[in-house]
Amino acid sequence: MIKEIHIDTLEELLPLLTEQEYRPDLDRNRSPYVYRGMSDSSFKMYTSLSRNCKGLQEHLEPAILENFAKYAINDEPSIGHSVWRQMILGQHYGLPTRLLDWTQSALVGLNFAMTEENLEEMDKHDCMVWRINMSEMVDHLPEPYKYAVNRKHSTIFTVDMLKELTGNSLKQYDTDMGSSSMVIIEPPSLNQRIINQHSFFAVVPSGIKDIEQFLSDNTEDTVKYIIDKKLRWRVRDMLDQLNMSERIVYPGLEGLSKWIARHYYVK
């Protein structure tokens, strides 16, 4: 089930920014959630592989990864040994992959929801932030996967865990997941952007053709926050005040240039 929550005021953003669960075993508060910001509330969730290759994605994916590894190995020698590392590094540089970006930070999710390539569009449509519960995702996993992640007292997989469980095989992963489960993976800290964005990835199996339908059918704690278009510039300015901007999520000259361009944009 997907719950929709409409946000029309800054005060209504507070639950999104502060939702945590109390852990009596730790006597601390921890968040089980990851977030995905999207700049238009009418957008559907698709992987870049699905958008790029459409119905041929299963056929073309091995060639995409093989060629990426072949030509990129000089820059990153380790990717030849892991299909999962190939995906993660490729995703960072715009390679079409089955990975779907998420973040553990609600602020980062909001930042991406408030981001427009064309700033003229900022107040033309509502935006949204998706939230899923990582514990719920674990509940649907096959037993070997569930055992592996529970043994680590975690809800998140690493590249090495996924490589061991699948034998580094995408076909094995797709067979194991079917159409009713998928893994959330924390990428290795390959660069500062991954670190700053608190990045996580959903590894979408080929059996899941409609990600939103999967979430609707298999989860009870998924939320889609719809943020009113009239609030977008106000939230964007608030995020700058909280030091959440292009300079943080895109460290380096690229992010600096994006931030300066938006800062001096004339409405």
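The values are calculated or read from the model by the stated rules, or taken from the named source; none is laboratory data. As the structure is a computational prediction, the values presented were derived from the model and not from experiment. Please note: Cβ atoms are built from the backbone with ideal geometry, for glycine as well, and neighbour counts cover all protein chains shown. Calculation scope for accessible area: heavy atoms of the full protein, side chains included, ligands and nucleic acids excluded. Shrake-Rupley method; radii C 1.70, N 1.55, O 1.52, S 1.80 Å.
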Of the residues in segment 161-173, those that are without any contact (Cβ under 8 Å) to a residue 40 or more places away in the chain and within 30 Å of F43 (Cα to Cα) come to K171, Y173
Hey, can you tell me all the residues within segment 37-54 that are out of contact with any Pro (no Cβ under 8 Å at 6 or more places or on another chain) and small (G, A, S)?
G37, S39, S41, S42, S50
Any hit, segment 16-32, residues being touching a residue at least 40 places away in the same chain (Cβ under 8 Å) and among the hydroxyl-bearing types (S, T, Y):
yes
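Here is a yes/no grid of residues against (1) surrounded by 11 or more Cβ atoms within 10 Å (Cβ to Cβ); (2) of a type in the set (D, E, K, R); (3) part of a helix (DSSP H, G or I):
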{"position": "Y22", "(1), (2), (3)": "no, no, no"}
{"position": "L26", "(1), (2), (3)": "no, no, no"}
{"position": "L49", "(1), (2), (3)": "yes, no, yes"}
{"position": "L56", "(1), (2), (3)": "no, no, yes"}
{"position": "A63", "(1), (2), (3)": "no, no, yes"}
Taking the condition of being touching a helix residue (DSSP H, G or I) at 6+ places or on another chain (Cβ under 6 Å) and either open to solvent by less than 30 Å² (accessible area, probe 1.4 Å) or not polar (S, T, N, Q) (or both), how many residues in segment 171-184 meet it?
2
With the requirement that a residue be buried (at least 20 other Cβ atoms within 10 Å of the Cβ) and touching a residue at least 24 places away in the same chain (Cβ under 8 Å), what does segment 139-160 give you?
L141, Y145, F157
Somewhere in segment 20-39, is a residue acidic (D, E), touching a strand residue (DSSP E or B) at 6+ places or on another chain (Cβ under 7 Å) and at pLDDT below 95?
yes
Which of the residues spanning segment 229-247 are open to solvent by less than 30 Å² (accessible area, probe 1.4 Å), over 12 Å from H263 (Cα atoms) and not aliphatic (A, V, I, L, M)?
R232
Hey, does segment 187-197 have a residue that's open to solvent by less than 10 Å² (accessible area, probe 1.4 Å), aliphatic (A, V, I, L, M) and in contact (Cβ under 8 Å) with a residue 12 or more places away in the chain?
no
Which of (1) over 18 Å from R36 (Cα atoms); (2) open to solvent by 60 Å² or more (accessible area, probe 1.4 Å) does L165 not meet, given it meets every other one?
(2)
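Search segment 71-85 for residues being among the polar types (S, T, N, Q) and open to solvent by 20 Å² or more (accessible area, probe 1.4 Å), and hand back the single one that is farthest from K171 (Cα to Cα).
The first filter runs over segment 71-85 and keeps only residues among the polar types (S, T, N, Q), leaving 74, 78, 82.
Of the ones still in play, those that are also open to solvent by 20 Å² or more (accessible area, probe 1.4 Å) are 74, 78.
Details: N74: 27, S78: 21 Å.
So, considering only residues that are among the polar types (S, T, N, Q) and open to solvent by 20 Å² or more (accessible area, probe 1.4 Å), the one farthest from K171 (Cα to Cα) is N74.
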